[in-house]
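J.: Have a look at the structure that comes next, please.
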Amino acid sequence: MQDLTATGLEKKSNQELATKLNELLANYHIYYQNVRGFHWNIKGGNFFQLHAKFEELYTTALTRIDEIAERILTLGYTPLHSFSEYIVNSTIKETHNLTSDRDTVGTTIENLTFLLHLEREILKLADESNDEGTLSLISDDLNEIEKTFWMLNAFLNG
């Protein structure tokens, strides 16, 4: 029993999950800021459509950020909480001065690709650890990201 947390999860895998969830949290913060900037700065014939879509994406991302941080706390760890930590721990990079529909949607697809890969890694770890809470959180988000990924690809290739 000494190798188990208060919630009954193995301590070693729990720590690995918390580390990966912090990596996801960092990536989500940079993704959030990117789509927030796209919302503010989009120009061109698809302005109204993409302005609204980017607002939807950053609003959803903000909710996911809170859920991920709360899951890290539930596992008994501290979520990252500074932008310097996010930048260091994120694979997704900050964007600067993107205003066209193709650039912003293309970059959003790239950012979502990073999130998808990372979430699949977390799913595998959570499954191996019998961590139903993390499995549920990530699988729900994964489904939404895949749908958004499909829609943005349809927009870009339409």
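The values are calculated or read from the model by the stated rules, or taken from the named source; none is laboratory data. Nothing here was measured: the structure is a model prediction, and the numbers come from that model. Counting neighbours? That spans all protein chains shown, and the Cβs are built from the backbone with ideal geometry, glycine included.
J.: Mind listing whichever residues of segment 73-118 are surrounded by fewer than 14 Cβ atoms within 10 Å (Cβ to Cβ), part of a loop (DSSP other than H, G, I, E, B) and among the β-branched types (Val, Ile, Thr)?
T.: 78
J.: Kindly evaluate residue 129 against the criterion of being in contact with a strand residue (DSSP E or B) (Cβ under 8 Å, 6 or more places away or on another chain) and small (Gly, Ala, Ser).
T.: Working: in contact with a strand residue (DSSP E or B) (Cβ under 8 Å, 6 or more places away or on another chain): yes; small (Gly, Ala, Ser): yes.
The answer is yes for residue 129.
J.: State all residues of segment 15-42 that are modelled with pLDDT under 95 and surrounded by 21 or more Cβ atoms within 10 Å (Cβ to Cβ); if no residue qualifies, say none.
T.: Within segment 15-42, none qualify.
J.: Continuing with the same structure: Within segment 57-71, is even one residue among the aliphatic types (A, V, I, L, M), at pLDDT 95 or above, buried (at least 20 other Cβ atoms within 10 Å of the Cβ) and in a loop (DSSP other than H, G, I, E, B)?
T.: No, that holds for no residue.
J.: Of all residues in segment 21-60, which are in contact (Cβ under 8 Å) with a residue 12 or more places away in the chain, acidic (Asp, Glu) and closer than 18 Å to residue 109 by Cβ?
T.: 55 - this is the single residue of segment 21-60 that is in contact (Cβ under 8 Å) with a residue 12 or more places away in the chain, acidic (Asp, Glu) and closer than 18 Å to residue 109 by Cβ.
J.: Ok, one more. Between a first residue in segment 124-135 that is surrounded by fewer than 16 Cβ atoms within 10 Å (Cβ to Cβ) and a second residue that is among the charged types (D, E, K, R), which pairs have beta carbons less than 9 Å apart while being 6 or more apart in sequence or on different chains?
T.: These pairs meet every condition: 130/10; 133/71.
J.: Pairs only if they're at least six apart or on different chains, beta carbon under 8 angstrom, first in segment 2-20 and part of a helix (DSSP H, G or I), second of a type in the set (Asp, Glu) and surrounded by 16 or more Cβ atoms within 10 Å (Cβ to Cβ); list them, first residue then second.
T.: Going by the 8 Å Cβ cut-off, the qualifying pairs are 13/131; 14/131; 17/131.
J.: Would you pick out the residues in segment 121-145 that are charged (D, E, K, R) and in contact with a Leu (Cβ under 7 Å, 6 or more places away or on another chain)? Steps first, answer last, please.
T.: So the first thing to find is which residues in segment 121-145 are charged (D, E, K, R), and the list is 121, 124, 127-128, 131-132, 140-141, 144.
127, 131, listed by residue number.
J.: Determine which member of the set 104, 95 is in contact with a Gly (Cβ under 7 Å, 6 or more places away or on another chain) and either within 16 Å of residue 58 (Cα to Cα) or touching a residue at least 60 places away in the same chain (Cβ under 8 Å) (or both). Explain how you work it out, then say what you get.
T.: Numbers: 104 fails: in contact with a Gly (Cβ under 7 Å, 6 or more places away or on another chain).
Within the list 104, 95, the selection yields 95.
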